[in-house]
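Below you'll find the structure, written out as structure tokens, and then a few comments.
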Amino acid sequence: MEKTEGQPKGVKKKSSKLLTSSIEVTPQCVQVVVRCRPMDDKEIARNCTRVVEMFPSRGAVEIRNPRDDPSKNSVKVFSFDSVYDWTSTQQEIYEETVRPLVISVLDGFNGTIFAYGQTGTGKTYTMEGSKADVDNRGVIPRSFDQIFTHIGRSQNIQYLVRASYLEIYQEEIRDLLSPDQSLRFELKEKPDTGIFVKDLSSAVCKNANEIQQLMKTGNQNRTIGATNMNEHSSRSHAIFIITIEMGDSYGIRVGRLNLVDLAGSERQSKTGASGERLKEASKINLSLSALGNVISALVDGKTSHIPYRDSKLTRLLQDSLGGNSKTVMIANIGPASYNYDETLTTLRYANRAKNIKNKPKINEDPKDALLRQYQEEIERLKLQLAQKSGMTQQKKPTTDGEEAPGEEAAAASTAEQEQPNDEVEAQEPQMTEEEKTRIAEQLKVEKQEAEELERKIKDLESKMLCGDKNIVDHTNEQQRALEQRAIEIAERKKREIEMQQKLEEEELSALNVRETYATLQQEVDVKSRKLRKYYSKLQVLKQDLDDVTGEYNRDRRDLEQTQHELMKELKLRYLIIDNFIPVEEKHKILSRVKFDEEEDCWMLKESSASTIETIRRPVSVPGLRRPTSEYARTALAMGKGPRFAGENILNLELDMPARTTLDYQSPVIAPTIQAVLEKALCDEGDIDVDASGASFKSRQRMQSARARPKSVVERKSPQMPPPVYPKTRGLVPK
Ligand code: ADP
Ligand code: MG
């Protein structure tokens, strides 16, 4: 890519103050447009009636309730920034609604386009369009074209375009450009750059084809793991993010374009779901209902708390709703009568979004600009290259009188630099062949390095795009003029719609102007006309109130049902905890858990003093044969006996288990003692003791018997009958 000389230096000049001060942050409402798709073949075959009437000239949509009596002619009217009926083309929408927004992004503003609506109403068609037919390409591919055409025509501005593609499904973020689709990504916040998806990949794109290819890859990845693609895409949000950094002599600016294909807005039935299914059902549209809540809170005006943190979508797109962004919402609806309820809900939703006020401003001097990093890297590499070629010049062996390469570098060398050259020449006679080849090899390596550096510089420069100012392209000029005219037409159309809407508003209030009536009859006529108008307005409002109350009640019933199911689940869990988990374990776990606000769930604490205590194990200590606990070592030092000796356990005496009655064997009693005992048990009158000779041994036995556990001794108590078993094995008198 061509690059203007010395531009990076110019870019670094901080003269952007002028630009900053000249830009006022004026609040700007979210632009809401409604698009109604044509009846599809099935609807035509079923002879469905159309309940939607569109009035593009005055930006109005009328919807008729098919359940109402047609003679009553009660319709609901909504007005928007612009409306597109079933005959509208992709180009029309792009030129009038999207092109001005992308122009702003190319000036350094943030821009967001949401496609909202029930599944099957044309969100994906509007955003991506048909791949086969060029005329039916949607907003995303057209914006790619606009961006790169704009860059191609620009002068003295360097651009860097990056793209990311992500999906939010059941409150999990997936990077659609990552090779590993099993990874889930987290949202993080930095004080200077705001909310971002941590580790989300972004690819630098040099032309519209490259970025188109990225979208294709992302869409292919979106289907991976989805059992039912239609269901998956209708329940997930796809966000394509294009970041455009631009650097000119005033500094660096960055514009970010979010292209959002939202999940289907239809009501998800949660009835009858429980457990995992319920959890899934409540998560499906969490982001979408959070989006609704954010919109309500923003337009309510009474609450200062905007619940951005309630979902991943609202957190990620916080700037697009009430923040620093220009935002367009394209509400898609279906025309047929069976879609009446959903269409009405979409129109109401869109009607509310009209009142969101944003404060867009140009993003100047971004802290994390990749463009600046690239520019600095190129400068550094160029310097390195210059130094290298200078060094090569010095080392070049000039024995064969060959002209040294890199004349520019040689020309730049000063008189002092010639000095070392002379030295080389002076040393030349002593230079051996070996040294020459060594230097030649060194030169070769350095040449390779220099080539590598040049390649790197080229690579970096090719990423930064710049229009070619030398080409005077007449077709380009003509196209430019055409586009300018298209923008002007779009502007005019917008103004016409606005004026039409104002006119209608004033029509009613004009009736209030005090009039003088010629006759009493005339006054009655005028007043009855006024009354009829107000009455019909009242009826419409009453109907609206009924509808909204009905909707609210349905939502409340749904929530109550969910709450009931959740309570049931909770009670079951408490029951399990109370009956199956030991109390001390419960306390242990309770002391370790904490609620993670970001993840919206309970987490185990990473580390706490108590857990460290419980999981700490003895470590090897030099000098000891095996890991020994602190306590054991202290005990050992204090001479607490063999238990902590740290000896090989095999050398220690074994601890025998406590004896049981099963092991019991009555002691072998010497016949003499037996005789004595029998004697002792006899009546006192019969005692005749003769303890001569055997007295010592028998006393010993008696003592050992006494030393045994009491129960054992008691068994041989005199009152007990003599043991039957074991039988005496021949009492041999000693
Ligand atoms: P969604 O993404 O809202 O679920 P799709 O974009 O998949 O809806 O549209 C559903 C069908 O309707 C597709 O076959 C699409 O081609 C068709 N369709 C939607 N909008 C239009 C339109 N404006 N003109 C022609 N066909 C349309
Ligand atoms: Mg879709």
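Residues that are open to solvent by 100 Å² or more (accessible area, probe 1.4 Å) and either of a type in the set (A, V, I, L, M) or in contact with an Asp or Glu (Cβ under 6 Å, 6 or more places away or on another chain) (or both) within the range 526-548 comprise Leu531, Leu541, Leu545, listed in sequence order. Residues of the range 38-54 that are away from ligand 1 (no atom under 14 Å from the Cβ) and in a helix (DSSP H, G or I): Ala45 alone. Listed by first and then second residue, the pairs linking a residue in the range 579-591 that is in a helix (DSSP H, G or I) to a residue that is not aromatic (Phe, Trp, Tyr), with Cβ atoms under 7 Å apart and 6 or more places separating them unless they lie on different chains, are Lys586/Ile577; Ser591/Ser610. You will find that of Ile195, Ile211, Ile244, Ile224, the residue that is more than 16 Å from ligand 1 (Cβ to nearest atom) and in contact with a Cys (Cβ under 8 Å, 6 or more places away or on another chain) is Ile211 and no other. The condition of being open to solvent by 40 Å² or more (accessible area, probe 1.4 Å) and not small (Gly, Ala, Ser) holds for only one of Gln170, Gln146, Gln158, that being Gln170. Scanning the range 99-129 for residues that are assigned to a loop (DSSP other than H, G, I, E, B) and within 14 Å of ligand 2 (Cβ to nearest atom) gives Gln118, Thr119, Gly120, Thr121, Gly122, Glu128. Among the residues of the range 140-163, the one identified as under 24 Å from the mean Cα position of the chain (by Cα) and within 16 Å of ligand 1 (Cβ to nearest atom) is Ile140. Among all residues of the range 68-91, there is at least one that is open to solvent by less than 30 Å² (accessible area, probe 1.4 Å) and within 16 Å of ligand 2 (Cβ to nearest atom).
The number of residues in the range 130-143 being farther than 30 Å from Lys283 by Cβ, open to solvent by less than 30 Å² (accessible area, probe 1.4 Å) and within 16 Å of ligand 2 (Cβ to nearest atom) comes to 1.
In the range 227-241, of all residues being β-branched (Val, Ile, Thr) and surrounded by fewer than 21 Cβ atoms within 10 Å (Cβ to Cβ), the one that is farthest from ligand 1 (Cβ to nearest atom) corresponds to Ile241.
Among residues of the range 55-75 that are outside any strand (DSSP E or B), those with a beta-carbon under 7 Å from a residue that is open to solvent by 50 Å² or more (accessible area, probe 1.4 Å) and at pLDDT 90 or above at least six positions away or on a different chain give the pairs Gly59/Asp81; Pro66/Thr49. On the given criteria, is Glu523 assigned to a helix (DSSP H, G or I), open to solvent by 90 Å² or more (accessible area, probe 1.4 Å) and modelled with pLDDT under 85? The answer is no for Glu523. Output yes when any residue across the range 226-239 is under 16 Å from Val161 (Cα atoms) and of a type in the set (A, V, I, L, M, F, W, C), and no when none is. Within the range 226-239, none of the residues are under 16 Å from Val161 (Cα atoms) and of a type in the set (A, V, I, L, M, F, W, C). Annotation note: of Glu551, Glu560, the sole residue that is open to solvent by less than 70 Å² (accessible area, probe 1.4 Å) and under 30 Å from Asn351 (Cα atoms) is Glu551.
Considering each residue of the range 110-127 in turn, at least one proves to be open to solvent by 10 Å² or more (accessible area, probe 1.4 Å), of a type outside the set (Lys, Arg), away from ligand 1 (no atom under 11 Å from the Cβ) and within 26 Å of the chain's Cα centre (by Cα).
The values are calculated or read from the model by the stated rules, or taken from the named source; none is laboratory data. In this text the structure is predicted, and so the values were computed from the model without any measurement. So basically every Cβ, Gly included, is an ideal-geometry build from the backbone, and we count neighbours across all protein chains shown. Protein only, heavy atoms only, side chains kept; ligands, DNA and RNA dropped before computing areas. Shrake-Rupley method; radii C 1.70, N 1.55, O 1.52, S 1.80 Å.
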